[in-house]
Amino acid sequence: LAASLYFVARWESDGKRGHFWLASLAITLAALVKLPAIVFLPYHVFVVARKAGKLFPSALGAIILFSAPVLLVGAWYLYGWYLVQRYQLEYFYLGDGILKSIAFAFKWDFLKTVVGSRLPEIVANYANFPLFLVGLAIFRKIGYSFDLAILLLLTLPYYLIGGYNLYVHNYYSLPITLAIAIFAGAGARYLLHRTSRFYKAIAVILLIGSAI
């Protein structure tokens, strides 16, 4: 997931095809390995939709760019759904499981554990969370801010759909962690580039705390 975001950003900045193909490979592999990675697939398709003309000016080339990762991942999970139906397996997050997860995401026990405790402590950690808030506050000053807005918004449906698994397994929070880390990094950079030594000292202390 981290590699896909990195290479997408590199492709947006330099337009090199190699970075695009590496980003496509990374997001496809991540989504095939673990379901939560799908949260970043729409972001990848969105960026491609905006920049497709730089790679392939033809309509056919653009269709290939849009569809390849989506079709591969979609086919894999449709096959998984087929296995669930055939062998009566219980663990697969499609169908009624999504509705149950959304309902669970609004229960007090979930809000207290995941939002009130795990989000600031484990997912973001207490040192990164203030930097994340600074990053949100200076959002319009961040490069590619529109793309980052899409990325951040995608974590909201993921938060709902993955509700129960977020409650039971910490590693389901990884996509949210990456989104928070991007804004936390922007917040740290903003404070470090301020002329006031006070803001720079705060950024350094929080970064050290995050590393610890």
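The values are calculated or read from the model by the stated rules, or taken from the named source; none is laboratory data. Since the structure is predicted, the reported quantities are computational estimates derived from the model, not experimental observations. Cβ sites come from the backbone with ideal geometry, for glycine too, and all protein chains shown count toward neighbours. Note: areas computed on protein heavy atoms with side chains; ligands, DNA, RNA excluded. Shrake-Rupley method; radii C 1.70, N 1.55, O 1.52, S 1.80 Å.
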_Probe 1.4 Å, all protein chains present, accessible-area order of PHE139, PHE198, largest first_ = PHE198, PHE139
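So for each of 78-85, 42-49, 8-15 I average, over its residues, the number of other beta carbons within 10 Å; can you give me the resulting order with the highest mean first? Mind showing how you got there, number by number?
Details: 78-85: 12.2, 42-49: 18.2, 8-15: 16.8.
Result, highest mean first: 42-49, 8-15, 78-85.
Give me the number: length gained by fully extending LEU78 to PHE46, i.e. 0.36 nm times residue separation minus the C-alpha to C-alpha distance, one decimal in nm. Each step should come with its number before you reach the end.
Details: separation 32, 0.36 × 32 = 11.52 nm, distance 2.25 nm.
Contour length minus Cα-Cα distance gives 9.3 nm.
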*Short version: ³J(HN,Hα) in whole Hz for each residue of segment 33-41, in order, from phi by Karplus 6.51 cos²θ - 1.76 cosθ + 1.60 (θ = phi - 60°), x for Gly and Pro, what are they?*
6, 9, 4, x, 5, 4, 4, 8, 5
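Compute the length gained on full extension between SER67 and ILE138: take 0.36 nm times their separation in residues and subtract their Cα-Cα distance, giving the result in nm to one decimal. Spell out each step's value before the answer.
On the way: separation 71, 0.36 × 71 = 25.56 nm, distance 3.42 nm.
My answer for the length gained is 22.1 nm.
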*Would you mind calculating the gained length between ARG86 and LEU156 on full extension (0.36 nm times residue separation, minus the Cα-Cα distance), in nm to one decimal?*
22.0 nm
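Can you pick out the pairs among LYS16/LYS141; LYS100/LYS141; LYS107/LYS141 whose Cα atoms lie more than 27 Å from each other?
On the way: LYS16/LYS141 25 Å; LYS100/LYS141 39 Å; LYS107/LYS141 36 Å.
LYS100/LYS141; LYS107/LYS141, as the Cα separations exceed 27 Å there.
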*asked:* Let me check I've understood the local charge: for ALA26, count other residues with C-beta under 14 angstrom from its C-beta, Lys and Arg +1, Asp and Glu -1. What total comes out?
replied: +2
